[in-house]
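Worksheet for the structure shown next.
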Amino acid sequence: MNTPGELKYTKEHEWVKVESDGTVVFGITDFAQSALGDVVFTSLPKVGAKISAGSTCGEVESTKSVSDIYTPVTGVVKEVNGALTNNPEIINSDPYGQGWMVKLSEVNLSEVESLLDANSYQEITKSA
């Protein structure tokens, strides 16, 4: 399983990255996409929506099931990955790159720091 060390993670299997301008990007982890199987559809929040940490902000549908996407930190939706509308399978092939889901602005970066590091996240997935 791929768990990049520079990212932060949630117990709900989302990854988080802070870009140089303070924008926070997130998506689902390699572990999550593997457990889901072939992703066939995504539902993402609307640009401009204020979303709160821990709340549901969308869904990922696969050939196996439908899973909620949880907001890792509170912020305002700056951008969603429109490429996932027609090519949701990008999540399976590149979950940490082109498979990103949402970009947030107005994030309190201390919320990001409180998330799991790669080692802590790997410990959680071992028992899953």
ask   = Averaged per residue, what accessible surface does the chain expose to a 1.4 Å probe, in Å²?
value = 50 Å²
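How much net charge surrounds V66 when only other residues with a Cβ under 14 Å from its Cβ are counted (Lys, Arg +1; Asp, Glu -1)? Could the numbers behind the result be given before it?
Values: positive: K64; negative: D38, E59, E61, D68.
Once positives and negatives cancel, what remains is -3.
Quick check on the stretch 1-114: take the gyration tensor over C-alpha atoms, sort the square-rooted eigenvalues as a ≥ b ≥ c, and tell me if it's rounded (a/c under 1.5), prolate or oblate.
Working: a/c = 1.66, a/b = 1.36, b/c = 1.22.
Prolate shape, in that a/c is at least 1.5 and a/b is the bigger ratio.
Specify whether the C-alpha gyration tensor of the stretch 56-128 places it in the rounded, prolate or oblate class, a ≥ b ≥ c being the square roots of the eigenvalues: rounded for a/c under 1.5, otherwise prolate if a/b is larger than b/c and oblate if not. If you can, show how the numbers build up before the last one.
Details: a/c = 1.84, a/b = 1.11, b/c = 1.65.
Verdict is oblate for the stretch 56-128.
If you place +1 on the Cβ of every Lys and Arg, -1 on the Cβ of every Asp and Glu, and leave all else neutral, what size is the dipole of the chain about its Cα centre, to the nearest 20 Debye?
Details: 9 positive and 18 negative charges, 39 e Å.
Result for the chain is approximately 180 debye, rounded to the nearest 20.
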ask   = What are the residues whose amide H is under 5 Å from the amide H of A49, where those residues sit 5 or more places off or on another chain and H is modelled from the backbone?
value = V77
note = Computed ³J(HN,Hα) along the stretch 84-91: with the Karplus parameters 6.51/-1.76/1.60, θ = phi - 60°, integer Hz and x for glycine or proline, the list is 6, 4, 9, 9, x, 5, 4, 4
message = Given axes a ≥ b ≥ c from the Cα gyration tensor, I'd like to know whether the stretch 47-88 is rounded (a/c under 1.5), prolate (a/b larger than b/c) or oblate.
response = oblate
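The values are calculated or read from the model by the stated rules, or taken from the named source; none is laboratory data. Predicted model only: the values in this text are computed from it and were never measured. Using ideal geometry, Cβ is built from the backbone for each residue, glycine included, and neighbour counts are taken over all protein chains shown. Just so you know, the surface numbers come from the protein's heavy atoms only, side chains and all, with ligands and any DNA or RNA stripped out. Shrake-Rupley method; radii C 1.70, N 1.55, O 1.52, S 1.80 Å.
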